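Only one structure is covered here, and it is reproduced in the block below.
Readers should treat all values here as calculations from the given coordinates under stated rules, not as data from a laboratory. Nothing here was measured: the structure is a model prediction, and the numbers come from that model. For neighbour counting, all protein chains shown are included, and Cβ atoms are generated from backbone atoms with ideal geometry for every residue, glycine included.
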Amino acid sequence: MDIIPSPEIINLAIVEVQPIDRNPAGVYLAALANDRARRVQRQALDTIAGILTGNPDCLACPWAELRYSHTAAIRARLAEAYKAATANRMLSALRGTLKAAFLLDQIDARDYQKAIEVKSVTGSTVPAGRELQPGEISALMAACENDPGPAGSRDAAMIAVMYAAGLRREEVINLDLESYELETGALKILGKRNKERIAYLVNGAARAMADWLAIRGAEPGPLFLPVNKGGRIGAGRMTTQAVYNMLAKRAAEASVKDFSPHDMRRTFVSDLLDAGADIATVAKIAGHSSVATTARYDRRPEEAKKKAAGLLHVPYHGRLI
């Protein structure tokens with residue numbers, strides 16, 4: 001993330017880096033759910049630290065000295081430089097760090113409450129990424145079925161859970177063998193902020209998982225294991241990058257245009273809503289804390305707008321030669 005392109009700095013003094021357990025930014029970051037969240041929010045705090053002091057290092061920023069005038073100025077800079085969703089995520093990191101400063105007794109309650117009273121940035125954006133078509137999902141599964149090695153079965157099962165249960169990359173690799181009940185198809189997922197939820201694998205997804213489990217065996221440990229180029233199943237947990245690489249490989253084999261792992265999740269939400277599933281149920285399966293988040297991936301309003309556009313006729317017949 002780049003520093004905001006503004007020559008103006010609020011000019012708070014840089015401070016000596018405190019021990020991590022006394023540093024508000026360090027305490028806030030340590031409490032986040034995973035390494036990816038810590039990396040993203042560290043970038044956000046570094047950017048804000050750059051605005052405040054000219055030094056883009058959140059661990060050397062005097063967070064306890066911030067008052068409402070500072071946070072209001074930060075909000076204004078972020079609103080100018082970023083889309084609303086990004087600006088609000090960065091403000092969330094700022095509020096979290098100020099809360100840590102308060103809990104560490106580095107800022108009094110009155111100053112803390114005033115400092116966090118900055119409003120969120122308004123605005124909305126169309127979700128990035130794309131949805132996969134049914135034919136593309138079929139092509140990906142066919143590419144896996146055409147691979148006779150263990151990786152083919154594993155990848156089919158991974159794609160099945162990402163599409164049929166809407167899992168994030170981190171959630172896929174954190175599944176253990178005991179997370180899945182073969183008899184019922186129940187899949188216990190540990191999501192963001194350590195929230196557990198249950199999804200169910202049925203029909204083709206359940207068959208793909210059964211085929212993988214027959215190869216994987218009953219040894220406790222991660223549900224999905226690494227497979228080397230020679231087809232040997234390894235030990236240990238896969239990485240999120242390995243999930244990304246797997247999808248890229250299968251997409252190339254299936255002649256499916258590029259998509260991200262999150263596009264599988266987006267497709268899961270959209271297809272369930274299209275099929276008539278209740279949006280509250282879809283939100284629970286997806287692990288969304290708010291139905292509003294689920295609604296952002298609902299393509300039905302776009303189809304309605306497309307249909308409405310067809311009600312008008314533009315009287316253009318082509319150029320006359």
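Report the label-to-label distance for H317 and T86 in nanometres (one decimal), using points 7 Å from each Cα along the Cα→Cβ vector.
So the label points at H317 and T86 sit 4.9 nm apart.
I'd like to compare 147-158, 21-32, 75-86: which one has the highest average count of other Cβ atoms within 10 Å, and what's the full order after that?
Numbers: 147-158: 21.1, 21-32: 19.0, 75-86: 16.7.
Highest mean packing first, the order is 147-158, 21-32, 75-86.
Report which label in (1) 217; (2) 143; (3) 158 holds the value of volume of the Cα convex hull per residue in Å³ derived from the coordinates of this structure.
Computed from these coordinates, volume of the Cα convex hull per residue in Å³ corresponds to label (1).
Name the residue farthest towards the positive end of the dipole of the chain from the options S138, A73, G234, assuming +1 on Cβ of Lys and Arg, -1 on Cβ of Asp and Glu, about the Cα centre.
Going by the Cα projections, it comes out as A73.
Work out, step by step, the length gained on full extension between K229 and R110: first 0.36 nm times the residue separation, then minus their alpha carbon distance; give nm to one decimal. If you can, show how the numbers build up before the last one.
Details: separation 119, 0.36 × 119 = 42.84 nm, distance 6.02 nm.
Answer, rounded to one decimal: 36.8 nm.
Is there a quick way to get the dipole size of the stretch 205-304? I mean about its Cα centre, with the Cβ of Lys and Arg at +1 and of Asp and Glu at -1; what is the value in debye to the nearest 20? Don't skip to the end; give the middle numbers.
Numbers: 14 positive and 11 negative charges, 90 e Å.
Value, rounded to 20: 440 debye.
Between E178 and T281, what is the spin-label point distance in nm, taking each point 7 Å from the Cα along the Cα→C-beta axis?
3.0 nm
Hydropathy at least -0.5 by Kyte-Doolittle, axial extent at least 24 angstrom from the Cα trace: which helices of the chain, defined as entire DSSP H runs, fit? Could the numbers behind the result be given before it?
Values: long enough: 35-53 (26 Å, -0.40); 84-103 (28 Å, 0.58).
Those that clear 24 Å and a mean of -0.5 are 35-53, 84-103.
Based on DSSP H runs of at least 4 residues, each adding -39500 (n - 2.57), what is the mean residue ellipticity at 222 nm of the chain after dividing by all its residues, to the nearest 500 deg cm²/dmol? Walk me through the numbers on the way to the answer.
Details: 14 runs with 165 residues, N = 321.
For the chain, the value works out to -16000 deg cm²/dmol.
Do the alpha carbons of any pairs in K83/K192; K119/K192; K119/K306; K188/K305; K229/K257; K257/K306 sit beyond 27 Å of each other, and which pairs?
Working: K83/K192 23 Å; K119/K192 25 Å; K119/K306 34 Å; K188/K305 38 Å; K229/K257 24 Å; K257/K306 24 Å.
Distance filter (> 27 Å) returns K119/K306; K188/K305.
Using 20 Å as the cut-off for backbone N distance, which residues of the stretch 63-80 belong to the label zone defined by a point 7 Å from the Cα of A128 along Cα→Cβ?
Correct set: 78-80.
Normalised by the residues of the chain, what does the relative contact order come to in percent, with Cα pairs under 8 Å and at least six apart?
On the way: 412 pairs, mean separation 47.3, N = 321.
Here the relative contact order equals 15 percent.
Treating only the Cβ of Lys, Arg, Asp and Glu as charged (+1, +1, -1, -1), what charge dipole size does the chain show about its Cα centre? Round to the nearest 20 debye.
Numbers: 42 positive and 36 negative charges, 132 e Å.
Computed about the Cα centre, the dipole is about 640 debye.
Which of the peptides 53-60, 196-203, 159-166 is most tightly packed, and how do the rest follow, going by the mean number of other Cβ atoms within 10 Å of each residue? Spell out each step's value before the answer.
On the way: 53-60: 18.6, 196-203: 14.8, 159-166: 24.0.
Averaged packing, sorted descending, gives the order 159-166, 53-60, 196-203.
Give, in nm to one decimal, the length gained when the segment between S69 and K192 is fully stretched (0.36 nm per residue of separation minus the Cα-Cα distance).
Result: 41.0 nm gained on full extension.
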